[in-house]
Amino acid sequence: MGPSKGTPPCSTDSLDPPTFACEYKSAAAYLDLAANAHGAEKGHLVHRALERIPHDAPQVVEVGPGGGAAISFLAAQLARDRAPGRSVHLTLIEAPGVASQALAQAMEEFAEVGACTLTQGLAQDIGALLPQSVDVIAASALLHEVYSYGGGYRGLHAMMRTLPTVLNPDGFFAYRDVYAVQASSLHERVVQSYGAQSWLQFLRMFIPQYLNRGIHPYHHHDDEILARQNSRIIPIEELGTHTSTFVAAPVGMFREIQRHYITFRDHVWRSGALGFTPILEGQLSHDWIDLRAGHKRVHYRFTETDWLSLTRKGTLLAISEPYADHYTIDGDIFDEVTEVALTAFLVAVEQGDVGCAQVWSSWLEREGRETYAYLTIDELLTAFAVNSIESDNPRPTVLMPAQKSDILRKERNYYNRFLAKRVANPLIDAKQLVLFQNISLADGEKLDQALEAIQGFCSKPNLARIYAAVNSRR
């Protein structure tokens, strides 16, 4: 969450932390469309938590509801499963200055099955925003925004210590965010190779500004990013774009590069600056040739910009098929052709093209400095357990998943297919979902179940940390 709308979207001083880009985060093209998908995935854990709340008037809080996709899903589920006498009260907490027409519509839908209210405030102030404890708190991508705009790890840990104090005993925190990596730590050093011109161009432009202006954890001497071309170490900002490059860096940094490249590419596509606009939301965005393989048809329209030369436009038309008022094309072919246009776009940004620079800058302001993956699943579970035990709760509790099935990973097959064709050894692109329960430290049986649930996800040293923290307050 972030500051009021009157606050500048991002600091221009590299020593100051970036602030939440309300202007760009609440733009209709972003909030009502780009960030308003996967409602079933976002609302799944909340619905699951409500099935485990025994009383008839559960209090639910959604932090950062965005365009309301999860609210619409939950409304539909509650309408289908409505139990006589049961009424859910939903409180939405959104940053000041962030508004969405789609959210207003979702709230109307929820009003048919329960009560729904909207509160303006910052996520880190949740303890003051809630007048009483609640049964379920839900959030999607909240912690990476708290990390990026609310004090780094200190802000994260403070949030983890606050949550148990605003949750009822045995209440739930339903959390969804970008899947990190399969590694012991985000600082684990690995080597990646890049050969595609668009990726090399992106590395040269993105990494320096991210390291200088973003909030990130890569400050240790072992976190240095080393790029080699023709066996020579090359400063990132001087990378050539026609020579294959080997980059040695923390694995978490490669997660940042991958995730940011994808969001940047989709942002440029939506802008229409390349001369075409793919349909990335709605039914046509799910025209699968092979769902499991991530292979789909892309539906697109030409825009009025003159970015595409007649030759490029003719090539795109020759390999596409007309479909109603637009065109459709095999997704793999579309990716191949449009990467050429994306490379030209990035070159134009560096050369000072005003229109392209504006599109690039708007993406940087919205999310180019955010740190998406700051914790592996092992670290996430451990941090929640240890910090929640250290809360000021008079009756000590711990936030842990009570069942193994409360820990989920949803892979993004389309993006994984794209990455596999562009990067030598890509990281898995996915969302990780965890349903934490506010378990009393006096409940030995439930504690044992929770410890058993996380054994397959946590390392032995971290299991020992959790065990020691649990027993320090019992």
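Restricting attention to region 293-334, the residues that are charged (D, E, K, R), free of Cβ contacts under 8 Å to residues at least 40 places away in the same chain and buried (at least 16 other Cβ atoms within 10 Å of the Cβ) total 2. Of all residues in region 72-128, those satisfying the criterion of being touching a residue at least 40 places away in the same chain (Cβ under 8 Å), within 24 Å of LEU167 (Cα to Cα) and within 21 Å of the chain's Cα centre (by Cα) are ILE93, GLU94, ALA95, PRO96, GLY121, LEU122, ALA123, GLN124, ILE126. Selection within region 450-459: residues that are more than 24 Å from the chain's Cα centre (by Cα) and buried (at least 17 other Cβ atoms within 10 Å of the Cβ). The member of this set that is nearest to SER472 (Cα to Cα) is LEU451. Look at region 438-452: where a residue is on the phi < 0 side of the Ramachandran plot and a partner is of a type outside the set (A, V, I, L, M, F, W, C) and part of a helix (DSSP H, G or I), sitting 6+ places away or on another chain with Cβ atoms under 7 Å, you get ASN438/PRO164; ILE439/LYS446; LEU441/ARG473.
Mind checking whether some residue in region 279-292 is touching a Lys or Arg at 6+ places or on another chain (Cβ under 9 Å), farther than 26 Å from ALA357 by Cα, in contact (Cβ under 8 Å) with a residue 40 or more places away in the chain and not in a helix (DSSP H, G or I)? Yes: region 279-292 contains one or more residues that are touching a Lys or Arg at 6+ places or on another chain (Cβ under 9 Å), farther than 26 Å from ALA357 by Cα, in contact (Cβ under 8 Å) with a residue 40 or more places away in the chain and not in a helix (DSSP H, G or I).
With respect to ASN462, is the statement that it is touching a His at 6+ places or on another chain (Cβ under 7 Å), closer than 23 Å to HIS187 by Cα and buried (at least 19 other Cβ atoms within 10 Å of the Cβ) true?
Working: touching a His at 6+ places or on another chain (Cβ under 7 Å): no; closer than 23 Å to HIS187 by Cα: yes; buried (at least 19 other Cβ atoms within 10 Å of the Cβ): yes.
No, not satisfied.
Within region 97-154, the residues that satisfy the criterion of being closer than 21 Å to HIS47 by Cβ and of a type in the set (Ser, Thr, Tyr) are THR117, SER133, SER140. Just one residue in the set GLY214, GLY294, GLY282 is modelled with pLDDT under 95, more than 30 Å from LEU156 (Cα to Cα) and not assigned by TED's automatic domain parsing to the domain that holds GLY39; that residue is GLY282. Screening region 391-412 for residues that are at pLDDT 95 or above and farther than 17 Å from ARG176 by Cα and picking the one that is surrounded by the fewest Cβ atoms within 10 Å (Cβ to Cβ) gives THR397. Against the criterion of being assigned by TED's automatic domain parsing to the domain that holds GLY39, within 28 Å of HIS157 (Cα to Cα), more than 25 Å from the chain's Cα centre (by Cα) and of a type outside the set (A, V, I, L, M), PRO65 does not qualify. Comparison of VAL181, VAL134, VAL146 shows that the only residue that is at pLDDT 95 or above and either surrounded by 22 or more Cβ atoms within 10 Å (Cβ to Cβ) or not acidic (Asp, Glu) (or both) is VAL134. Given the condition within 27 Å of ASN413 (Cα to Cα) and part of a strand (DSSP E or B), answer yes or no: does some residue in region 330-349 qualify? Yes, region 330-349 contains at least one residue that is within 27 Å of ASN413 (Cα to Cα) and part of a strand (DSSP E or B). Just one of (1) modelled with pLDDT under 90; (2) buried (at least 22 other Cβ atoms within 10 Å of the Cβ); (3) among the hydrophobic types (A, V, I, L, M, F, W, C) fails for VAL337. It is (2).
Residues considered: ASN438, ASN416. Of these, the only one that is surrounded by fewer than 19 Cβ atoms within 10 Å (Cβ to Cβ), modelled with pLDDT of 95 or more and not acidic (Asp, Glu) is ASN416.
The values are calculated or read from the model by the stated rules, or taken from the named source; none is laboratory data. In this text, all values refer to a predicted model and were calculated from it rather than measured experimentally. Quick reminder, even Gly has a Cβ in these numbers, built from the backbone with ideal geometry, and neighbours come from all protein chains shown.
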